[in-house]
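Before any comments, here is the structure.
The values are calculated or read from the model by the stated rules, or taken from the named source; none is laboratory data. All figures in this text were calculated on a predicted structure; none of them were measured in a lab. Note that each Cβ is placed from the backbone with ideal geometry, even for glycine, and that neighbours are counted across all protein chains shown.
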Amino acid sequence: MNKTLLLILTALILGACAAPPTNKEATTTANTNKAAETKAAPLTEADASAREKEVWATFEKKDIAAFSANLTPDFIYVSGDGVSDKAATVKGISDMGAMSNLAFSDWKFLSVDKDAAVLVYTVKGNSAMSGQTHPFSIHASTLYVNRDGKWQALYHQDCEVSTAPPPPPAKAATPGTSPTPAASATPATMSSDVVANEKAVWAALMGKHWDLFEGYLATDALEVETNGVMDRAASVKGVQSFDFSKSSLSDWKTVKIDDDAAVVTYVAHFPGQKPDTEYHSTVWANRNGKWSAVFHHGTPKAAPAPAPTKSAQK
């Protein structure tokens, strides 16, 4: 990992007749300097992408100590297998096969607030499992946070890049039909209760209140799904081709980013659809007194691993 750049703010006031500082003044100055030394420099896309590549390099080399040092104690990893904490993630890295020929592309950087940012990208490569090499291509996202002057990963999620064709466009309303429920729907009040916020978003989706859904998203919001990365306008357009009417949510988990931001993860169920279960995460942030959904990532539940053959069991 690149060493964190420290932002040191120093103010020197010189006077020809300035008196030496008192003990109180000296203590105040020392405390101010110490606070400044724990403040991390703002994270840029270049910094974040370099950090992410180095984390993958520790993964390739199986340098577990270096890999673990880049994660916050409350780190969570969301994949097709579910939600894992830091300990389970580090163990999983140890148990996985070798990776090679990594190639990164399509970088996108989204600032959440001064102490948090999301990095989105696509990574392709090869992984070795059971003596065989398998190519992979995934959409990935990592949330970096400033903890005591050091930028670390608090959350990571990935999903396989879909090769399926995009869903058909939403059907236009039949002339003469009643207006959509959105015309009379009342927007929910968003707050630091990010679980309640997320439930309100899904209520809007289930009721086809597309205008409410759009209003809950930050203007610079990003969404990652198997079929790609979408901005706010694309997200609003995309949800209109999906049937949310029978969906249900469970297994809520919330991780606080800071006083004005949090990430919430949960399981979404879609009876009768394939896949019928997905793992979803949303980053919420309070900007200028308004809580909005800044980032969202959805990952279909992984299919069960095939049963080992008799020859493999021997």
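Inspect all residues belonging to the range 298-312 and state whether any of them is more than 22 Å from His139 (Cα to Cα), in a helix (DSSP H, G or I) and aliphatic (A, V, I, L, M). Can you show your working first?
Residues of the range 298-312 more than 22 Å from His139 (Cα to Cα): 306-312.
With in a helix (DSSP H, G or I) added as a condition, the list becomes 310-312.
Among the residues that remain, those that are also aliphatic (A, V, I, L, M) are: 312.
Looking for residues that are more than 22 Å from His139 (Cα to Cα), in a helix (DSSP H, G or I) and aliphatic (A, V, I, L, M), one finds at least one in the range 298-312, hence yes.
Only residues that are acidic (Asp, Glu), under 16 Å from Val194 (Cα atoms) and assigned to a loop (DSSP other than H, G, I, E, B): list them for the range 255-297, please. I'd like the intermediate steps shown before the answer.
Initially, the range 255-297 is screened for residues acidic (Asp, Glu), giving 258-260, 276, 278.
Within this subset, residues satisfying the condition of being under 16 Å from Val194 (Cα atoms) are 258-260.
Matches in the range 255-297: Asp259, Asp260.
Applying the selection to the range 212-253, what residues are closer than 21 Å to Leu143 by Cα and part of a helix (DSSP H, G or I)?
If the condition is that a residue be closer than 21 Å to Leu143 by Cα and part of a helix (DSSP H, G or I), then Tyr216, Arg232, Ser235 are the ones that fit.
Give the residue, chosen from Ala173, Ala183, Ala234, that is over 30 Å from Phe67 (Cα atoms), at pLDDT 95 or above and among the small types (Gly, Ala, Ser). Full working, then the answer.
Working: Ala173 fails: at pLDDT 95 or above; Ala183 fails: at pLDDT 95 or above.
Step by step, each of Ala173, Ala183, Ala234 is checked, and only Ala234 is over 30 Å from Phe67 (Cα atoms), at pLDDT 95 or above and among the small types (Gly, Ala, Ser).
Which of the residues that make up the range 39-74 are farther than 21 Å from Thr89 by Cα and surrounded by 14 or more Cβ atoms within 10 Å (Cβ to Cβ)?
Lys39, Ala40, Ala41, Pro42, Leu43, Glu45, Asp47
Could you give me the residue pairs with C-beta distances under 6 Å whose first residue belongs to the range 65-85 and is under 17 Å from Thr265 (Cβ atoms), whose second residue is polar (S, T, N, Q) wherever it lies, and which are 6+ apart or on separate chains?
Note: pairs meeting the criteria are Thr72/Gln152; Tyr77/Ser84; Tyr77/Thr89; Val78/Gln157; Val78/Thr265; Val78/Ser281; Gly80/Thr299; Val83/Thr265.
Kindly check whether there is at least one residue in the range 228-235 that is of a type in the set (Asp, Glu) and farther than 24 Å from Cys159 by Cα. Explain how you work it out, then say what you get.
Step one: of the range 228-235, the residues of a type in the set (Asp, Glu) are 231.
Going one step further and asking which of them are farther than 24 Å from Cys159 by Cα, we end up with none.
Looking through the range 228-235, none of the residues is of a type in the set (Asp, Glu) and farther than 24 Å from Cys159 by Cα.
Scan the range 90-122 residue by residue and report those that are at pLDDT 95 or above, surrounded by 15 or more Cβ atoms within 10 Å (Cβ to Cβ) and either out of contact with any Asp or Glu (no Cβ under 7 Å at 6 or more places or on another chain) or not assigned by TED's automatic domain parsing to the domain that holds Ser137 (or both).
Phe104, Lys108, Ser111, Val112, Ala117, Val118, Val120
Go through Glu214, Glu223 for me and flag whichever is crowded, with 16+ Cβ neighbours inside 10 Å and within 29 Å of Leu71 (Cα to Cα).
Values: Glu214 fails: within 29 Å of Leu71 (Cα to Cα).
On inspection, the qualifying residue turns out to be Glu223.
Enumerate the helices (runs of 4 or more DSSP H) found wholly within the range 1-89, keeping only those where 3 or more residues are modelled with pLDDT of 50 or more. Talk me through it step by step, then tell me what you get.
On the way: elements: 23-37, 45-61, 64-69.
Correct list: 45-61, 64-69.
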